[in-house]
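Everything below concerns the one structure shown next.
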Amino acid sequence: MTETVETEAGTARVTWHHAPEPRLVLAVGHGAGGGIEARDLQALAGALPAHGVSVALVEQPWRVAGRKVAPAPKTLDAGWRGLWPAVTRPGLPVISGGRSAGARVACRTATGLGAHAVLALSFPLHPPGRPEKSRAGELLDTGVPTLVVQGGNDPFGRPEEFPEGGFELVEVAYGDHSFAVPKRAPVTGEAALETVTGAVTRWAASLG
């Protein structure tokens, strides 16, 4: 089921994958370089409903409008805040999530929106090659249970670069920013995605 939601930043779109017996909602947004067709987002939408988690794949207004470049962070945050009533409508606790730029949005807005938890897929800890430009503060300030799923070879921040903090981190071995793995890696792309879905399923089950 797909619905459109009017926000201060424009029209957003939410595609629902409902759980038969839901106890949580995962609202998850895309990054700045792609949409909800990302393999990890689609894998989560396919896997989580069987475990009691309805998945709402969120397209930010700039994507719905067909623009190629993401707007400023404050505009992304405004879009996310504006669609929040749609994902809380089922009356269930909501995990605020996203990949890359979407993960930053989820982190920045979690406390203000009353999110139950945060899922950060491929959190862009810093721009590639610029570790001094750290965005760790956004991750450390969520105020709620937070899971980071990070590729072992992510140029935006490898797992060992992350600071200690009140979040859980799961590494996708050999994965890049999209969790793709080299052909020569001892794991397959399918196995990498199973790492993502398995980690999120286990973590979601642990949330009260």
Given (1) open to solvent by less than 40 Å² (accessible area, probe 1.4 Å); (2) on the phi < 0 side of the Ramachandran plot, number of the condition R135 does not satisfy: (1)
Tell me yes or no: at least one residue of segment 116-127 is modelled with pLDDT under 95 and under 30 Å from G189 (Cα atoms). yes
Answer with yes or no whether P128 is farther than 24 Å from V25 by Cβ, under 12 Å from the mean Cα position of the chain (by Cα) and either open to solvent by less than 30 Å² (accessible area, probe 1.4 Å) or not hydrophobic (A, V, I, L, M, F, W, C) (or both). no
Could you grab me the full set of residues in segment 65-83 that are under 22 Å from V148 (Cβ atoms) and free of Cβ contacts under 8 Å to residues at least 40 places away in the same chain? A70, P73, D77
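Please return the ranges of helices (runs of 4 or more DSSP H) entirely within segment 1-95 where 2 or more residues are surrounded by fewer than 16 Cβ atoms within 10 Å (Cβ to Cβ). Explain how you work it out, then say what you get.
On the way: elements: 39-47, 61-64, 73-88.
Of the helices (runs of 4 or more DSSP H) lying wholly inside segment 1-95, those with at least 2 residues that are surrounded by fewer than 16 Cβ atoms within 10 Å (Cβ to Cβ) span 39-47, 73-88.
Taking the criterion of being more than 22 Å from G33 (Cα to Cα) and of a type outside the set (K, R), would at least one residue in segment 121-139 satisfy it? Explain how you work it out, then say what you get.
Of segment 121-139, the ones more than 22 Å from G33 (Cα to Cα) are 132, 137.
Still in the list and also of a type outside the set (K, R): 132, 137.
Within segment 121-139, one or more residues are more than 22 Å from G33 (Cα to Cα) and of a type outside the set (K, R).
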Basic (K, R), over 25 Å from T195 (Cα atoms), modelled with pLDDT of 95 or more and surrounded by 16 or more Cβ atoms within 10 Å (Cβ to Cβ): does that describe R108? yes
Can you tell me which residue within segment 181-200, out of those that are buried (at least 17 other Cβ atoms within 10 Å of the Cβ) and among the β-branched types (V, I, T), is farthest from A45 (Cα to Cα)? V181
In segment 146-168, is there at least one residue being at pLDDT below 95, farther than 23 Å from P73 by Cβ and surrounded by fewer than 19 Cβ atoms within 10 Å (Cβ to Cβ)? yes
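The values are calculated or read from the model by the stated rules, or taken from the named source; none is laboratory data. All values reported here derive from a predicted model rather than from experimental measurement. All Cβ positions, glycine included, derive from the backbone under ideal geometry; neighbour counts span all protein chains shown. Areas reflect the complete protein model, heavy atoms only, side chains present, ligands, DNA and RNA absent. Shrake-Rupley method; radii C 1.70, N 1.55, O 1.52, S 1.80 Å.
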